Amino acid sequence: MLTSAALLAAVSGLALGLGLIVAIGAQNAFVLRQGLRLEHVAAVVAVCALSDLALIFAGVLGAGEVLERVSWLVPVVCFAGAAFLLGYGALAARRALRPGVLLSDAAGIGAGLAVTVGTCLALTWLNPHVYLDTVVLLGSTASTYGDQRWAFAVGAGIGSIVWFTGLGFGARLLRPVFARPVAWRVLDGVIAAVMTLLAVSLLVRGIAEA
């Protein structure tokens, strides 16, 4: 039976999980774009949700404490993530500057499943913010709930599943807007800017932690 304490922990986990994940970032931008293009949406949603669940439960198990103690690992992850985000941002900027590529939404050949899943995994696991927020912050918060920490983790996991499912499969509702190449130009331009800003923030953090 779900006790009031467990329910409170689950709701708190749901709220914090959504608070951390509902933001414009590399992972969400990728899920949105795949949803708009109707390309491998189920696979992308599954990868993101399962990855988030793994990170959440790792944080509850105490991986966050380990990450904080291995001081040299944080800057390494920051620099690697920054390099990847800069590359991904450059690709988005190139798409924004070449309208012909944007038309592939309607008539072009999209990326294969392996490439799509690989990109999704990289955007998830090479992003230091995922570890700092999901593993460290969420994991440390869960520990304050004592015996109900797993209920907290379940609530956070439900939040991730609901968010990625809604973002991936709900993006198709915006397809009429993105039927015009100019809309894709704007989206890819925003993605390029966000990726660049995230990369810069990671470089600054990596230098500070080094």
**Asked** Ala42 to Ala15: FRET efficiency via 1/(1 + (r/R0)^6), r the Cβ-Cβ distance, R0 41 Å, to the nearest 0.05?
**Response** 0.95
**Asked** Which sequence of Leu38, Leu14 reflects their accessible areas, 1.4 Å probe, from the largest down?
**Response** Leu38, Leu14
**Item:** Theoretical gain in end-to-end length, Leu50 to Val76 [0.36 nm per residue, Cα-Cα removed]
**Value:** 6.9 nm
**Asked** Once both labels are modelled 7 Å past Cα along the beta-carbon direction, what's the Val200-Val117 spacing in nm?
**Response** 3.6
**Prompt:** Quick one: net charge of Leu97's neighbours, Cβ under 13 Å, K/R +1, D/E -1?
**Reply:** +3
**Request:** Using the Karplus curve 6.51 cos²θ - 1.76 cosθ + 1.60 with θ = phi - 60°, work out ³J(HN,Hα) for each residue of region 135-140 in order, rounded to whole Hz, and write x for Gly and Pro.
**Result:** 7, 6, 5, 5, x, 5
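The values are calculated or read from the model by the stated rules, or taken from the named source; none is laboratory data. Just so we're clear, the structure is a prediction, and the values are computed from it rather than from any experiment. Cβ: placed from backbone, ideal geometry, glycine included. Neighbour counts: every protein chain shown. Only protein heavy atoms, including side chains, enter the accessible area calculation; ligands, DNA and RNA are left aside. Shrake-Rupley method; radii C 1.70, N 1.55, O 1.52, S 1.80 Å.
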